[in-house]
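Accompanying notes for the structure given below.
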Number of protein chains: 2
Amino acid sequence: MKKYLAITGGVGGAKLALGLTKILSKSEVAFLVNTGDDFEHMGLSISPDLDTLMYTLSGLSNVELGWGRGGETWRCLDAYKKLGGDSWFSLGDEDLAVHLRRTEMLKLGSSLSEVTADLFRHLGVDYSCWPMSDKPVRTQIETEAGRLEFQHYFVRDRCEHVVKSIHFVSSSVAYPTNNLLRYLEDPDLCGIIVCPSNPFLSVDPILSVHGLKEALIASKVPIVAVSPLINGQAVKGPTAKIMKELRLVLSPVSVAAHYQDFINGFILDESDAEHAVEITKSGMSVVTAQTLMASLDDRINLAQTAVNMCDELRGH
Amino acid sequence: MKKYLAITGGVGGAKLALGLTKILSKSEVAFLVNTGDDFEHMGLSISPDLDTLMYTLSGLSNVELGWGRGGETWRCLDAYKKLGGDSWFSLGDEDLAVHLRRTEMLKLGSSLSEVTADLFRHLGVDYSCWPMSDKPVRTQIETEAGRLEFQHYFVRDRCEHVVKSIHFVSSSVAYPTNNLLRYLEDPDLCGIIVCPSNPFLSVDPILSVHGLKEALIASKVPIVAVSPLINGQAVKGPTAKIMKELRLVLSPVSVAAHYQDFINGFILDESDAEHAVEITKSGMSVVTAQTLMASLDDRINLAQTAVNMCDELRGH
C-alpha cells in the first residue's frame, strides 16, 4: 500500500484534501492541520482550520460563505450580542455545537488529537486528521498597529494592518503528535503534499512545531508543494497582500524559495509556467497543472497530479 | 421608602416575584435566588433559578414549557447530540447565549453576582437579583439509588428516585454576598417574603449558606412565607413526592413547621384555611389568600397580600 500525508490550512487546502479523499482510501492518506489559528472566543476553544477540513470532508461546509456550516442559523450569536458579548467572530448555531463539545472534552482532559478524532468520526469522516500539535501554538502578527492575535488580525480587523513579521508563540515547546511521528516512519509512506494554503499563515505555523519539519525531512519521502498563486495572484485571502508587506516578489518563485529547504517538488499553475525554469534552478522538480479548484473534478485532478509527482520523484 | 426582600427558587417563586415588581419599584424590592441547582453542563456554567427569574422578569420566559425562553429553537443542541454530547438537559439556541456569556465572564474573573447583574441589565431587568452566594453550593440528593447531583435527580432522572436526605455541598464555606448583607441592614427594610418555592429544594439551600439565615433573622423585620401547597397538594414539581419520602405529613402545617424557626407570618391558600388555627399555635401569624397564580392579577394580588402582611406585622 502507498500512503501519503497532506499538510493543510484553511479553505484552499481543504479543497485539495477533498480531492485526495476521492482517490485515496482512509488507509492511504492522512492530514496534518494548522492549529496556529486556534483561539478562545466566547469562552470556547475554536480550531478554524480543523473545522474547515471537517466540514469540507463531511460535506457540511458552507460553500457560499467559505467558512462554517451550510444552512446555518445565528440565533445564539444574535442573543449573545444582545447580552453585550463580542460579535466580530460569527459562530452559527450548529457550528457552536462543535466548539462546545471540543471545549468540554478538552476541559475533561482529552487531547486536541483525541477531541478532533471524536468530532470527525461523529460527522462521518473516517480519515485521519491530526492537529499539528496537541500543545497550543498561537500565531501572532506583528503589524504597524502592534502585535495582534491571529484572529484579531485576520477576522476582526480583516487583515487591514501592514504585516511586519509573523510569530508562532510557544512553537518551541510544542511537539508533533505520536500519530504523525509513527506515520512518518511507516515504510509505506510515499510522499508528503503541501496543499495550496497560505505559506506564511497556514503552513509555516505547522513547520514551526518543534522538530516537525525535521521529522518530515527525515521521512526521506518526496515532499511536493502546490503553489497557492495563480497567474501570480492569490486565489483568496491575504497571501498576496502579506507577501508584498513582507517585501517578497509576488511570484510562485518566492513561494518555492520559501519552501526550498524541505520540498523536492513544486506544482505550478499553468498560467505561471514561465517561472518553471527559474524554480528548477533551485534543485527542485516542477510540474505545471491547473491548480484552480472550481469543481470537484478540478480537486480530484490536482490531487492526482500531486500524488503522481510524489510517485515519480520516489521512483527516481 | 419601604423596602422588601423576596427569597425565591424556580417557577413558582418567579411568578410571585413578577407580581412584586408590578407593585414595587426597583428601589423597593430585591430578590435573593437559589443557586444550589447550578451546575456545569456542556462545559457551561448554568444557573437555572437565576435564569428563570431573569426570563420571567424580562418577559422572555417560555410559558408553555415552564423553563427556558419563549420561541426557542434547538439547532445547537441537535447538532451537539449528533456529536455524541449528553442530551438530557435541553438548552435552546438563545438560552445558550446566556450560559456562554456567564461561563465566559466567570472564567474572566467576574463574580456570579457581577455576571448576574450584567445579564439581567442586558435583558432590561433593572431589579436587584442576587445569587444566594458567590461561592458555589451544590444541592445533592441522597436517594435509594445513591447520591445524585441535583440536576441528575431533577431533570435527567425526573425525580423518580426515593429521596432519603438532601445535602448542600460547600454551604458551610459559602457566604452571603455583601449586597444582601447591606440590604438587610438598611433601615428602610420592612419585610422579607419567602416565595412559594419548594422549601426543601429551593429555599433550604439558600438558608444553608453560612450565616445567611442568621442575617435574615438579625434584620428584625417580619419574615413571611407563602405556602407552596394548595389544598394540601403541590401546584407543580416534586414538593409533595419529596415530603412523603421524607415522611412529612403532606400539609401546609408541615411547611410552616419547617420554617418555624425564622418566619413570623404564613400565607395559607384559602383551600387550606382549616389549618390556620393549628399553624397559629406555633406562634406565627397566618392569613389566607388565593395563592394559585394563574393570571398576572393573581400574582399582583398575592404580592400585595405578602407586602401587606409584612407591613401589618411590622406595625405590631
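The values are calculated or read from the model by the stated rules, or taken from the named source; none is laboratory data. In this text the structure is predicted, and so the values were computed from the model without any measurement. Reconstructed Cβ throughout: ideal geometry from the backbone, glycine too, with neighbour counts over all protein chains shown.
Among the numbered conditions (1) more than 14 Å from chain A (Cβ to nearest Cβ); (2) within 20 Å of the chain's Cα centre (by Cα); (3) touching a residue at least 12 places away in the same chain (Cβ under 8 Å), the only one that B:Leu123 does not meet is (1).
Do we find that B:Phe200 is touching a residue at least 24 places away in the same chain (Cβ under 8 Å) and farther than 25 Å from B:Leu65 by Cβ in this structure? When the stated conditions are applied, B:Phe200 does not pass them.
In the set A:Val253, A:Val224, A:Val287, which member is in contact with a Cys (Cβ under 6 Å, 6 or more places away or on another chain), of a type in the set (Val, Ile, Thr) and surrounded by 15 or more Cβ atoms within 10 Å (Cβ to Cβ)?
Values: A:Val253 fails: in contact with a Cys (Cβ under 6 Å, 6 or more places away or on another chain); A:Val287 fails: in contact with a Cys (Cβ under 6 Å, 6 or more places away or on another chain).
Only one candidate qualifies: A:Val224.
The set of residues in the stretch A:169-182 being in contact with a strand residue (DSSP E or B) (Cβ under 6 Å, 6 or more places away or on another chain) and either at positive phi or not in a loop (DSSP other than H, G, I, E, B) (or both) consists of A:Val169, A:Asn179, A:Leu180.
For the stretch B:55-68, the criterion of being in contact with a helix residue (DSSP H, G or I) (Cβ under 7 Å, 6 or more places away or on another chain) and at pLDDT 95 or above is met by at least one residue. The numbered conditions (1) within 14 Å of another protein chain (Cβ to nearest Cβ); (2) among the small types (Gly, Ala, Ser); (3) on the phi > 0 side of the Ramachandran plot are all true for B:Ala117 except (3). In the set (1) more than 14 Å from every other protein chain (Cβ to nearest Cβ); (2) more than 17 Å from the chain's Cα centre (by Cα), the condition left unmet by B:Ser110 is number (1).
All told, A:Ala276 meets the bar of being over 21 Å from the mean Cα position of the chain (by Cα) and part of a helix (DSSP H, G or I). Scanning the stretch A:34-85 for residues that are more than 26 Å from A:Lys22 (Cα to Cα), hydroxyl-bearing (Ser, Thr, Tyr) and surrounded by 23 or more Cβ atoms within 10 Å (Cβ to Cβ) yields one hit, A:Tyr80. Can you find a residue in the stretch A:106-116 that is within 24 Å of A:Leu180 (Cβ to Cβ), crowded, with 22+ Cβ neighbours inside 10 Å and of a type in the set (D, E, K, R)? No, the stretch A:106-116 contains no residue that is within 24 Å of A:Leu180 (Cβ to Cβ), crowded, with 22+ Cβ neighbours inside 10 Å and of a type in the set (D, E, K, R).
This table checks each residue for (1) more than 27 Å from B:Asn301 (Cα to Cα); (2) buried (at least 24 other Cβ atoms within 10 Å of the Cβ); (3) charged (D, E, K, R).
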{"position": "B:Cys195", "(1), (2), (3)": "no, yes, no"}
{"position": "B:Leu207", "(1), (2), (3)": "no, no, no"}
{"position": "B:Glu214", "(1), (2), (3)": "yes, no, yes"}
{"position": "B:Gly232", "(1), (2), (3)": "no, no, no"}
{"position": "B:Arg247", "(1), (2), (3)": "yes, no, yes"}
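Check the stretch B:10-28 and report whether any residue there is buried (at least 19 other Cβ atoms within 10 Å of the Cβ), touching a strand residue (DSSP E or B) at 6+ places or on another chain (Cβ under 6 Å) and at pLDDT 95 or above. Yes, the stretch B:10-28 contains a residue that is buried (at least 19 other Cβ atoms within 10 Å of the Cβ), touching a strand residue (DSSP E or B) at 6+ places or on another chain (Cβ under 6 Å) and at pLDDT 95 or above. Might you check whether a residue that is within 14 Å of A:Leu32 (Cα to Cα), at pLDDT 95 or above and more than 14 Å from chain B (Cβ to nearest Cβ) occurs anywhere in the stretch A:162-176? The answer is yes; a qualifying residue exists. Residue selection: A:Glu144 satisfies the criterion of being in contact with a strand residue (DSSP E or B) (Cβ under 8 Å, 6 or more places away or on another chain) and away from every other protein chain (no Cβ under 14 Å). The residues of the stretch A:259-273 that are in a helix (DSSP H, G or I), surrounded by fewer than 18 Cβ atoms within 10 Å (Cβ to Cβ) and under 23 Å from the mean Cα position of the chain (by Cα) amount to a single one, A:Glu270. Among residues of the stretch B:228-255 being free of Cβ contacts under 8 Å to residues at least 60 places away in the same chain and either among the aromatic types (Phe, Trp, Tyr) or assigned to a helix (DSSP H, G or I) (or both), the one that is farthest from B:Asn179 (Cα to Cα) is B:Lys244. Annotation: A:Thr116 fulfils all but one of (1) touching a Pro at 6+ places or on another chain (Cβ under 8 Å); (2) in a loop (DSSP other than H, G, I, E, B); the unmet one is (2).
Checking A:Gly265 against (1) modelled with pLDDT of 95 or more; (2) under 17 Å from A:Asn34 (Cα atoms): exactly one of these is not met. Which one? A:Gly265 satisfies all of (1) modelled with pLDDT of 95 or more; (2) under 17 Å from A:Asn34 (Cα atoms) except (2).
Give the residues of the stretch B:190-215 that are of a type in the set (A, V, I, L, M) and within 26 Å of B:Met293 (Cα to Cα), sorted by residue number. Selection gives B:Ile192, B:Ile193, B:Val194, B:Leu201, B:Val203, B:Ile206, B:Leu207.
Would you confirm, using the coordinates I've provided, whether B:Ile193 is more than 30 Å from A:Lys81 (Cβ to Cβ), touching a residue at least 24 places away in the same chain (Cβ under 8 Å) and under 17 Å from the mean Cα position of the chain (by Cα)? In short, yes. At least 2 residues being more than 14 Å from chain A (Cβ to nearest Cβ) is the threshold, and among the helices (runs of 4 or more DSSP H) wholly inside the stretch B:1-103 those reaching it are B:11-23, B:48-58. In this structure, is B:Ala225 in a strand (DSSP E or B) and either in contact with a helix residue (DSSP H, G or I) (Cβ under 8 Å, 6 or more places away or on another chain) or under 22 Å from B:Ser285 (Cβ atoms) (or both)? For B:Ala225, the condition - in a strand (DSSP E or B) and either in contact with a helix residue (DSSP H, G or I) (Cβ under 8 Å, 6 or more places away or on another chain) or under 22 Å from B:Ser285 (Cβ atoms) (or both) - is met. Within the stretch A:292-316, the set of residues being surrounded by 21 or more Cβ atoms within 10 Å (Cβ to Cβ) and not in a helix (DSSP H, G or I) comprises just one member, A:Met293. Within the stretch A:41-86, restricting attention to residues that are touching a residue at least 60 places away in the same chain (Cβ under 8 Å) and on the phi > 0 side of the Ramachandran plot, which residue is farthest from the chain's Cα centre (by Cα)? Restricting to residues being touching a residue at least 60 places away in the same chain (Cβ under 8 Å) and on the phi > 0 side of the Ramachandran plot, the top hit is A:Gly43. Taking the numbered list (1) within 26 Å of A:Arg101 (Cβ to Cβ); (2) out of contact with any Ser or Thr (no Cβ under 6 Å at 6 or more places or on another chain); (3) among the hydroxyl-bearing types (Ser, Thr, Tyr) in turn, B:Thr56 passes all entries but (1).
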